[in-house]
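Beneath this line is the structure, given in structure tokens, with notes to follow.
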Amino acid sequence: MLLALALTWLVQPPRVAGLVLDRTGAALGLEISASGISEYTLRGNPTLVVRDLVARQPGADTPVLRAGRVLLSLPWSTLRSRGAELTVDHVELDAPRLDLAALQRWRESRPPSGEVRIPTLTGGLEVTRGEVLGDGWSVDRIALQLPSLHPDRTVAGRIGGRFRNGDTTVPFDLQAVLTAPSMDAALGASGIATVVTPQWRLPMRTTFSGRLHDGDDALGLDGFRLGADAQRVADGRELPFVFGLAGPVRYRDGRFTVAPLGVALRGPGQGPVPDLDGLGRFAWDGGLSLGLEGTLAGWPQAWPSLPPPLDRADAPLPFALDYSGPASLSGPARLNLQRGVTAFDARFRLPDVLAWVDRIDTGTPLPPLDGTFSTPRLEIAGATLEGVEIEFSEDPADD
């Protein structure tokens, strides 16, 4: 009779699902529930399907994770060992929604732990219609395919999705490799991504690498390096260039930082894109902040000529650049150029300058910016001027 009652209880999917979720939640310090219809089958490998799953930290208003559907398939050997053998056949997550702020609060509440057991996943992991929520930004349309997972082997998979921040989106499709499923493993990825704004697009092929970092300061990547072959597309015109970034990446409390940041930019020879190298800082928390100091390899020939002594096109030219504004780079920026005691200080908006570059053959020779130019000596058309100070403005001057 007891055996019959036990079997009757076990074959009820809601009871089995509740038991599994309760045990899992107790181990993770989470309250896990599933309000949708559950399924439980014993044919082949035992398989459990739960719907409308919610996992939250006890007492928290915002769940760490929601999922429309979760499928878990386990071999009988894992069940017989009562967890001593951590082998999983197949996992599927449909429409999972991860809140990073809630995840960070849960991580900080967890006691220090020792070694984390990584399960063996023989039949793969598949995520569809996933979403990650940040502070003012999100990544949606996430599709993840992981053919297998082993605690002591390299992990390879494919991930695609779309980053969103305001009216700027970045759809991406990447192949990624981890040297091991651990928080100090090396990561490498390559694929395609496109920055899309209402005014322009930036399709690019990119490759990046780094080592995962999980410390008291933040999550991130150490030794991060990124290279991209890109082209800006606006009004039917294409402007190709390549660039590279390097530095430690950190994420904490909704803020991404790279400091120090190394930047290299190269144009296609005679075009308007300058060759430059710089060192500075990057921060992003819904808005973008960038500061760089470095040198231009030379003044691009496609740009209007500078007056002496700034006109030495083949000589390196020191610069300082500061930007603070939307991720679309439509906010105000400041550029300082200096050679000796001659200084050029300008304030501008990048979309306006790029539009001016596109029309440079037919438009005005003066770029759309505000600023000052000062030099103790200036030569123009055979005339010598001393103590020169020039102010220029994008707006018409008053009478």
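The values are calculated or read from the model by the stated rules, or taken from the named source; none is laboratory data. This is a predicted model, so every value here is computed, not measured. Heads up, the Cβs are rebuilt from the backbone with ideal geometry, glycines too, and the neighbour counts pull from every protein chain shown.
Give the number of residues within region 164-180 that are more than 22 Å from residue 239 (Cβ to Cβ), surrounded by fewer than 18 Cβ atoms within 10 Å (Cβ to Cβ) and not hydrophobic (A, V, I, L, M, F, W, C).
Qualifying residue count, region 164-180: 4.
On the given criteria, is residue 276 touching a residue at least 40 places away in the same chain (Cβ under 8 Å) and within 25 Å of residue 200 (Cα to Cα)?
So residue 276 passes the test.
Only one of these is surrounded by 15 or more Cβ atoms within 10 Å (Cβ to Cβ), touching a residue at least 24 places away in the same chain (Cβ under 8 Å) and out of contact with any Phe, Trp or Tyr (no Cβ under 8 Å at 6 or more places or on another chain): 322, 214. Name it.
Going through 322, 214 in turn, the sole match is 322.
Of all residues in region 134-193, how many are part of a loop (DSSP other than H, G, I, E, B), small (Gly, Ala, Ser) and closer than 15 Å to residue 211 by Cα?
Count: 3.
Hey, can you tell me all the residues within region 212-239 that are touching an Asp or Glu at 6+ places or on another chain (Cβ under 8 Å) and over 10 Å from residue 202 (Cβ atoms)?
Passing the criteria: 212, 213, 214, 235, 237.
Among the residues of region 81-114, count how many are within 29 Å of the chain's Cα centre (by Cα), at pLDDT below 90 and among the acidic types (Asp, Glu).
Adding up the residues that qualify gives 1.
Mind listing whichever residues of region 31-48 are farther than 30 Å from residue 60 by Cα and among the aliphatic types (A, V, I, L, M)?
The one that is farther than 30 Å from residue 60 by Cα and among the aliphatic types (A, V, I, L, M): 42.
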